[in-house]
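The values are calculated or read from the model by the stated rules, or taken from the named source; none is laboratory data. What you are looking at is a predicted structure, and each value in this text was computed from that prediction instead of being measured. Heads up, the Cβs are rebuilt from the backbone with ideal geometry, glycines too, and the neighbour counts pull from every protein chain shown. With ligands, DNA and RNA removed, areas are computed over all heavy atoms of the protein, side chains included. Shrake-Rupley method; radii C 1.70, N 1.55, O 1.52, S 1.80 Å.
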Amino acid sequence: MPAPPRPLRVLGVDTANKESAVALVVDGQLVSALREERLTRARFDRSMPVQATQRVLRAAGLHVDDIDLIVGNVDQEALRAALGVAGTPPQGSRLPRRADGPEAHGYHHLAHAALAFYTSPFDEALVVTIDAEGDNDTLVAFRARRDAGFERLTAIAKQPVRIGGVYEDMTRLLGFGQGGEGKLMGLAAFGQPD
């Protein structure tokens, strides 16, 4: 009898937002997630999430070489060096990976669109994401279908127009200060539809 397939282990690494963080997903289930600032005690720590990565992997009993896929927006050479992974990343690669493992770069707007669509009751939808920036786009429209995934229909680059910047400006005018967009989004859950 053949051995059961090994579970797919994915490490997500983010250094581009207000604070750096990592998340470990095994076979589609979140196992652990941690922000670097929780360990360094430096608020809004955007440094390479070395301590968080080590802690998440250690808690799961894994080493970086046990990871099948590392996704995110991180300087791969710096993360590889910080984690003690030998070797230079493949030419043109944007992410760290084990020597024989696959690699991927998660498209910023697709991540937003997937979260919105896959948590909705719809089988098909037009999904529009608007953000200050993300992979050089400020607005992206997708056709989403549960049976076929996402088709990118159009996008507007962040230069010369930064549509998502309007939302940033509005949060500042409402008194939430620089980077207060998350606070305003959090308050949305307490709103009443009437």
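A few remarks follow.
- The stretch between ASP65 and VAL128 holds 19.0 nm of extra length on full extension. This uses 0.36 nm per residue minus the Cα-Cα distance.
- The fraction of accessible area contributed by carbon and sulfur in segment 153-194 is 64 percent, rounded to a whole number (1.4 Å probe; ligands and nucleic acids excluded).
- Low-density loop positions, trypsin sites (Lys or Arg not before Pro), segment 1-49 - DSSP coil, at most 12 other Cβ in 10 Å: ARG41, ARG43
- Each of THR119, THR15 has its accessible area taken with a 1.4 Å probe; listed largest first, they run THR119, THR15.
- Ranking of TYR118, TYR107 by solvent-accessible surface, largest first: TYR118, TYR107 (1.4 Å probe, protein heavy atoms only, all chains present).
- Of the residues MET185, MET170, MET1, the one with the largest accessible area comes first in the ranking MET1, MET185, MET170, computed with a 1.4 Å probe on protein heavy atoms.
- Model label zone, TYR118; criterion: amide N under 12 Å from point 7 Å along Cα-to-beta-carbon; scope segment 1-35: 25-30
- Segment 136-183-segment 1-23 distance, computed between alpha-carbon centres (Å): 25
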